[in-house]
Amino acid sequence: MPRVKTRGFGVRAVGDRIFNLTTLAMALVILALLAGLTAELFRHALPSIKAFGFGFLTSTDWDPTTDQYGALPFIYGTAVSSALALLIAVPLALGVALCLSEMAPAWLSRKIGFMVELLAAIPSVVYGLWGIFVAGPWLRDHLDPLLAKYLGFLPLFQGPQVSVSMLTASVILAIMVLPYISAVCTDVFRAVPRSQREAALALGATKWEMVRIAVLPYGVSGIIGAIILGLGRALGETIAVAMVIGNSPQISASLFMPSATLASVIANEFVEATSTLNLAALVELGLVLLVLGLGLNIAARLMVYGATQRRFQKPA
Amino acid sequence: MTLTKSAHSRRQLFRKLKSDVMVGLTVLATALALVPLFLVLGYLVSKGATSVNWSFFTRMPAPVGQSGGGMANAIVGTFELVGLACALGVPIGVAAGIYLAENRGGALAQAIRFSADVMMGVPSIVVGIFCYATVVRPFGGFSTLAGAIALAVIMVPLVTRTAEEMILLVPHELREAALALGVPRWRTSLLIVARTAASGIATGVILAIARVAGETAPLLFTAFGNRFWSTSLLQPISSLTMQVYTYAISPFADWQRQAWAGALVLTAIVLALEIGVRWLTRGDAQVAR
């Protein structure tokens, strides 16, 4: 928007100045919030940072009774549950995005796209409730025995099968992040210039070959961005995970066992923190979560910007 | 010659078949993705509907062991928290959105736009910790105010980005026409451009409301929850989400039943907002996620 210098004097110039300063101040609130978030978390995590140093990230001790705190079980739980969720959600999300952008007619694509978006609208506490009473028991009774039977030689699928587990949490997370990934991917695929597709088709490509030659390569950075964005969502998801993961600070190879994530342990223990150090340790978990979230989002946004802004460039 | 020709057509057939299979797979993926939506909604209705009755909306939570009771205070609490969050967050978000749209290319605007996008990805529980540190501790306790501020922090970047996008959709000629008539810039921005974008901005605000109405994590240690009426902004308050959470993880069948009812009401509110808004603005409004 080209800036036109106000040439008026008196009331007019003053009005403009007040207006500009007010909107500027409100915009600066966003910067202040982001800076404040980081600073406040750091400040309140300081006792724990001082007491444990880098060992905090590598220790598996989490014991409020002896005031010993280590984040590794939660970092592990967050990493595994998020990775597994993406493993389930990404192929499906790519399928949905391709179906919406390449296959379905526009009217149907709009309707289905809207329904997929509704998945993102359902509150996470509702997913948690459904996970506790429906999905968890169903997975335990139907999926777990199958996995144990055919893949039981892997340590991932051994041991007792319970309904609150890493596996249940990952499945619920997958459902929750899928709409975010598919929405961004759909945008990315739609931004691929028409001429690319037409060129592929003119060379005799089938529909799938066109997707593979013209659409997917063009959207790679956008797809990666979408996946990272989904990862950011999965890492930070709290309530649904806290309800179905079992909240046990242990590292176990089996996906059938309960676990805990950074976010879920904060939700469970924050109010009941017994000492200053306990609270500081929980805040430090939050700080780890914030740093991961910020880092992933910065990376993802940069990649998605790159992929969806290309439509404004001249086709090569 | 005939041999190569048949090999050629076999190859064609294989390519065609492969393409059809892949197209089929994308359709299957879409169908699979929608299964949970219908399952969740189906279970909500079948398990929750029987417990949604008049007393659910008008009665207070019953003590453990007594059956009956409702979520009157939690329902009011949700409206109170979200209303207050709007009062705090919407003016900031809209003003910031206007700033971003008016200063499209500026370096500062770009930094703020990027910060807003990044802030949308900050885990909501972290916002809860932030408000615990900055509001709950200094004010000496869990409070409605702290919960509302936490929700407002989540709303601001959402509203900002939508407001910006909507204002940018307003044709530039409209602004030029107003300026040419001698209308001051600030009146043009506020009364011509922003007003033209008002329905789009409202859409964004309502979607942000739908989003925060379903938040639980940032409220756990700000608003905290309350089994009674909250009579002051400095007292803890309950919300539908927190009540559903508490009841869902409780061992009492009666509470679990009520959790389903609460979840049904909550989902109905959120989906009504989402669907209503999209239905009203069937155009191609692009809304920040």
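The values are calculated or read from the model by the stated rules, or taken from the named source; none is laboratory data. Bear in mind that the values here come from a model prediction, so they are computed numbers and not experimental data. FYI the Cβ positions are ideal-geometry reconstructions off the backbone, even for glycines, and counts take in every protein chain you see. All accessible areas refer to the heavy atoms of the entire protein, side chains included, with ligands and DNA or RNA removed. Shrake-Rupley method; radii C 1.70, N 1.55, O 1.52, S 1.80 Å.
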What area, in nm² and to one decimal, does the C-alpha convex hull of the protein assembly as shown cast on average over all directions?
33.2 nm²
Comparing A:227, A:213, A:49, which has the greatest mean-square fluctuation in the GNM of chain A with Cα pairs linked when under 10 Å apart?
A:213
Taking max minus min of the Cα coordinates of chain A on each principal axis, largest first, gives extents in Å of 68, 65, 33
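For residue A:250 and residue A:151, calculate 0.36 nm times their separation in residues minus their Cα-Cα distance, and state this gained length in nm to one decimal. Each step should come with its number before you reach the end.
Numbers: separation 99, 0.36 × 99 = 35.64 nm, distance 2.27 nm.
Fully extending the segment from residue A:250 to residue A:151 adds 33.4 nm.
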Using Cα centres only, tell me the gap between the range B:207-276 and the range A:103-168 in whole Å.
23 Å
Choice from A:163, A:195, A:254 with maximal GNM fluctuation in chain A (Cα, 10 Å cutoff):
A:195
For the range A:227-316, build the charge dipole from Cβ charges (+1 Lys, Arg; -1 Asp, Glu) around the Cα centre, then report which of A:281, A:307, A:295 sits farthest towards its positive end.
A:307
Once the mean of 1/r over all distinct C-alpha pairs in the range B:131-195 is inverted, the Kirkwood radius in Å reads 14.5 Å
Quick check: pseudo-label points 7 Å beyond the Cα along Cα→Cβ at residue A:275 and residue A:111, how many nm apart are they?
6.2 nm
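With all protein chains present and a 1.4 Å probe, how do B:11, A:212, A:140 order by accessible area, largest first?
Numbers: B:11 135, A:212 110, A:140 80 Å².
So the residues, ranked largest to smallest area, are B:11, A:212, A:140.
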Using protein chains only and a probe of 1.4 angstrom, how many square angstrom of residue A:220 are accessible, to the nearest 10?
70 Å²
Round to a whole number: what % of the accessible area of the range B:73-288 belongs to carbon and sulfur, probe 1.4 Å?
68 percent
Please turn the phi angles of the range B:24-29 into ³J(HN,Hα) values with the Karplus equation 6.51 cos²θ - 1.76 cosθ + 1.60 (θ = phi - 60°), one per residue in order, whole Hz, x for glycine and proline.
x, 5, 5, 5, 4, 4
Tell me which residues come under 5 Å, amide H to amide H, from residue B:70 once H is placed; ignore anything under 5 positions away on its chain.
B:59, B:60, B:62
Using protein chains only and a probe of 1.4 angstrom, how many square angstrom of residue B:21 are accessible, to the nearest 10?
80 Å²
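Any number yet on Rg/Rh for the range B:147-258, C-alpha, Kirkwood?
Numbers: Rg = 20.9 Å, Rh = 17.0 Å.
That ratio equals 1.23.
Please identify the DSSP H helices in chain A that span no less than 15 Å along the helix axis (Cα) and have a mean Kyte-Doolittle hydropathy of 0.0 or more.
Values: long enough: A:11-52 (59 Å, 1.16); A:72-98 (38 Å, 2.01); A:106-121 (22 Å, 1.01); A:166-190 (35 Å, 1.69); A:216-236 (30 Å, 1.45); A:276-309 (48 Å, 1.51).
What comes out of the filter, once short or polar helices are dropped, is A:11-52, A:72-98, A:106-121, A:166-190, A:216-236, A:276-309.
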In chain B, taking the dipole from +1 charges on Lys and Arg beta carbons and -1 charges on Asp and Glu beta carbons about the Cα centre, the listed residue (B:64, B:116, B:134) farthest towards the positive end is B:116
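Note the buried accessible area between A and B here, summed over both chains, with a 1.4 Å probe, in Å² to the nearest 100.
Values: alone 17740 and 16410 Å², together 26300 Å².
Counting both chains, the buried surface is close to 7900 Å².
What is the local net charge at residue B:206, summed over the other residues whose Cβ is closer than 14 Å to its Cβ (Lys, Arg +1; Asp, Glu -1)? Walk me through the intermediate numbers first.
Working: positive: B:211, B:278; negative: B:274.
Surrounding charge for residue B:206 is +1.
Charges at C-beta only: +1 for Lys and Arg, -1 for Asp and Glu. How large is the resulting dipole of the protein assembly as shown about its Cα centre, in Debye rounded to 20? Can you show the working numbers first?
Details: 43 positive and 28 negative charges, 475 e Å.
Value, rounded to 20: 2280 debye.
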Between the range B:4-82 and the range A:11-38, what is the C-alpha centre distance in whole Å?
41 Å
Against the 2.2 N^0.38 Å rule of thumb, the C-alpha Rg of chain B sits at a ratio of 1.32
Just by accessible area at a 1.4 angstrom probe, what is the order of B:47, A:149 from largest to smallest?
A:149, B:47
What's log10 of I(q)/I(0) for the range A:171-316 at q = 0.17, 0.18, 0.19 Å⁻¹, Debye sum over Cα points only, no solvent?
-0.96, -1.02, -1.08
For B:227, A:17, what's the largest-to-smallest order of accessible area, 1.4 Å probe?
A:17, B:227
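Per residue, how much accessible area does the range A:52-312 show when a 1.4 Å probe rolls over the protein heavy atoms, in square angstrom?
Values: 9940 Å² over 261 residues.
I get 38 Å² per residue for this part.
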Starting from the Cα of residue A:63, step 7 Å along the direction of its Cβ; do the same at residue B:57; then give the gap between the two resulting points in nm.
5.4 nm
Would you kindly find the accessible area of residue B:8, with a 1.4 Å probe and non-protein molecules such as ligands, DNA and RNA excluded, rounding to the nearest 10 Å²?
110 Å²
Roughly how many debye, to the nearest 20, is the charge dipole of chain A about its Cα centre, given +1 on each Lys and Arg Cβ, -1 on each Asp and Glu Cβ, and no other charges?
1880 debye
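So what's the net charge close to residue B:273: Lys and Arg +1, Asp and Glu -1, counting the other residues with Cβ under 15 Å from its Cβ?
Numbers: positive: B:211, B:278; negative: A:117, B:215, B:274.
Value of the local net charge: -1.
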In the Gaussian network model of chain B, springs joining C-alpha atoms below 10 Å, which of B:214, B:105, B:83 carries the largest mean-square fluctuation?
B:105
Rounded to one decimal in nm, the spacing of the 7 Å Cα→Cβ label points at residue B:199 and residue B:15 is 4.8 nm
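Any idea what the dipole of chain B comes to, in debye rounded to 20, about its Cα centre with Lys/Arg Cβ at +1 and Asp/Glu Cβ at -1?
Using Cβ point charges on Lys, Arg, Asp and Glu, chain B gives about 980 debye.
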Rounded to the nearest Å, what's the spacing between the alpha carbon centres of the range A:169-247 and the range A:263-301? Just the number, please.
28 Å
